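Before any comments, here is the structure.
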Amino acid sequence: MNKLTKEQQDIINSTGNIKINAVAGSGKTTTIIEYAKARPKESKILYLAFNKSVKIEAIKKFSDKGLDNVKVETAHSLAYKHIVYKNNYKVRAQGYKTHEISEILGLRGNGEKHTEFIIANHINKFITYFCNSNSYKIKDLNYLDVVSENKAKAFVRTFYDYIENQSRILLSKMDKGEIEITHDFYLKKFQLSKPTLGYDYILFDEAQDASPAMLEVFLNQKATKVIVGDTHQQIYGWRYAVNSLEKAEFKTYNLSTSFRFSQQIANLAMDILQWKNHLMEYKPIPITGCGVSNERKTKAIIARTNLGLLLKAVEYATEKKNSKPIYFEGNINSYTYADEGASLYDVLNLFNGKNRLIKDKLIKNMKNMAELEDYIDKTEDNQLGMMVEIVKEYGNEIPGIIKKIKEQHVDNDEKEKAEMVFSTVHRCKGMEYDSIQIVNDFITEEKIEKIKNDFSKEEQLNLSKINEEINLLYVAITRTKNSIYIPETFVPDDYEQCAQIHQLKVEEKEKKKEIETPQPSILKEKGYKTYSVSKVREDNRDAYKPWTEELDDELTLMYCEDVNIKDMAKHFGRTKGAILSRIRKLELEELYG
């Protein structure tokens, strides 16, 4: 084992309740294991993991160290044992779809299009909000606090009493066992039961994304409590998570040395976090980067949204001469289906007027795309909104594109064979890769300044939402162990060039693009494209400059790291044809496959 840092030793030797603010790659799991090893062997220790995959990994790590006195659970696995078993509940693993809630409750509208479905969508969200909160009654919450878009707010105000009452009825049906319960429901019932867990020590990991319900259970225990997380990796606000590190009034320890990446990457991450100064007074924790990896085996493309990621996957799959294996974190199917089950193909069939082919009941009830977009506006259903954007962008090319991507996709147990991993930030949280490429669909500092300047005094700026957008970019950047390809729009103007950070040039039209509702990076004309010699020369200003040895080296490196041709063309200010020609000239395909 590597020598422990002073910060780690201080945590291991600590007494009483503590909280640990750990930067990305700082060895917090190692620290937690060593903390557990230093406790008396007869101690009963509970380690709370963030999700099932982390739980499985943690069980092995504690077992390998002979720590049989450590019990590993997730919040849900703990609640399941206390609530589901005892009450003989049946769990609905995928939750309830909008049309199912409408049918169960016999919802009525007001004669307007799909009102009952919009109400059902908000009932679903209100119940999720309540179940994740620490409130004891649904009336103690104001659901409007978590609705942000104007059309959605106006709708909820009109139907608020009805939505609240029906939410209460649906919860009552679950409680009585009349219908299957959801995962959120039994976690809530666990919190309301005020359980006593009977451990001497409880180690709560990834606590920056804890639900208020689970945080209350944790804080109410008599055990010595250790809460671990990274303030800047809170990215689950949409699941009503709270930053438990700020809520718990324990003595604070820091793990500020990252063993994953170098100081150059650490500096970039800290510069991104400085954007928070536009929102509030920000007190940074200096990050020391001690990573020395030179490996280039694992490569990943990381996006903010499913839409941004799928567009990159399309470029990758269609530009590569030889089909190379790829892998999507969380499986490719999870990117082509919305949470409620509607697929890209359903939206495409609606787009083409082929309603008879639509499988999803909600989409099938829509007469046309205008009705679906009205539904999206009134429910803030961002996943469906992204699917609409993809369908508008690629239309009937979608089946062929998805087919090609799936043909290259490898299964979970063959992930190591993939030449490129594709992931959104949420799905790659906790992962690390040798080299990463950042997709240009994150928020920028310029956008933050614009939002702040354009906001009127009468409106309430959603600081936590913007703060989380900054966190998303920080999490993405800190997945790398070695090198990073990042659009220049995310890099400070005075940032010092270094061998590990490669800035990708971005076209002016992309720099000006709105970030709030991510748009496709390519806008196709229906059926034809127009060109002009002056336009091509303007867009490819460096097209006629000679290739130098330095430029050839840069091109070779980008080729080996699977940067797509379109991004290379932007970066070098040349046409895609010129890039392909140079690749052939340098025989890169023959040399590097």
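General remarks:
- Ser14 paired with Cys560, simple spin-label distance in nm, labels 7 Å along Cα-to-beta-carbon: 4.3
- Dipole of the chain, positive direction: furthest Cα of Thr29, Thr489, Ser323, with charges on the beta-carbon: Thr29
- Estimated inter-spin distance, Lys392 and Asp493, nm [label 7 Å along Cα→Cβ]: 3.3
- When the Cα atoms of region 419-494 are aligned to their principal axes, the ranges along those axes come out at 50, 28, 16 Å in descending order.
- Taking a quarter of the surface of the Cα convex hull of the chain gives a mean projected area of 29.3 nm².
- Dipole magnitude for the chain: computed about the Cα centre from +1 point charges on Lys and Arg Cβ and -1 point charges on Asp and Glu Cβ, it is near 1540 debye.
- Sparse packing (at most 14 other Cβ atoms within 10 Å of the Cβ) combined with a DSSP loop state is found for the following GluC sites (Glu not before Pro) in region 268-331: Glu281, Glu295.
- Region 257-337: C-alpha gyration tensor shape, a/c 1.5 cut-off, then a/b vs b/c: oblate
- Euclidean distance of C-alpha centroids, region 333-384 and region 420-490, integer Å: 28
- Local electrostatic count at Ser193 - Lys and Arg +1, Asp and Glu -1, tallied over other residues with Cβ under 13 Å: +3
- Contact order normalised by residue count of region 97-233, Cα under 8 Å, 6+ apart, percent: 22
- Antiparallel DSSP beta bridges within the chain, percent to nearest 5: 10
- Cβ crowding within 10 Å averaged over residues, with 122-132, 266-276 ranked highest first: 122-132, 266-276
- Its Cα centre serving as origin, region 5-61 has a Cβ charge dipole (Lys and Arg +1, Asp and Glu -1) of approximately 240 debye.
- Calculated [222 nm] ellipticity per residue, helices only, for the chain: -12500 deg cm²/dmol; basis is -39500 (n - 2.57) per DSSP H run with n ≥ 4, divided by all residues, nearest 500.
- Taking only the C-alpha atoms of region 230-288, Rg followed by Dmax gives 13.0, 34 Å.
- Extension gain (nm, one decimal) between Ile59 and Glu589, 0.36 nm per residue minus Cα-Cα: 186.4 nm
- Length gained when the stretch Met280-Arg92 is fully extended (0.36 nm per residue, less Cα-Cα span): 63.5 nm
- Extent along principal axes [Cα atoms of region 29-76; Å; largest to smallest]: 27, 17, 16
- With all protein chains in place and a 1.4 Å probe, the accessible surface of the chain carries 48 percent carbon and sulfur.
- Calculated translational diffusion coefficient of region 355-418 (4 °C, 1.567 mPa s; Stokes-Einstein with Kirkwood radius over alpha-carbon pairs) equals 92 µm²/s.
- Protection proxy ranking of 143-150, 430-437 - average other beta-carbon atoms within 10 Å, highest first: 430-437, 143-150
- Computed Rg/Rh of region 194-271, alpha carbon atoms with Kirkwood Rh: 1.05
- Unit charges at the beta carbon, dipole of the chain: most positive-side option, Ile202, Leu107, Leu48: Leu107
- Cα centroid of region 282-332 to Cα centroid of region 20-76, whole Å: 28
- Scaled radius of gyration (Cα, divided by 2.2 N^0.38 Å) that region 153-220 gives: 1.47
- Quotient of Cα Rg and 2.2 N^0.38 Å for region 43-135, N being how many residues it contains: 1.59
- Solvent-accessible area per residue, Å², over the chain with all protein chains present [probe radius 1.4 Å]: 49
- A dipole drawn for region 80-239 from +1 and -1 charges on Cβ atoms has a positive end, and of Val217, Asn88, Thr98 the residue lying farthest that way is Asn88.
The values are calculated or read from the model by the stated rules, or taken from the named source; none is laboratory data. What you see is a predicted model, and the numbers here were worked out from it, not measured in a lab. FYI the Cβ positions are ideal-geometry reconstructions off the backbone, even for glycines, and counts take in every protein chain you see. Areas reflect the complete protein model, heavy atoms only, side chains present, ligands, DNA and RNA absent. Shrake-Rupley method; radii C 1.70, N 1.55, O 1.52, S 1.80 Å.
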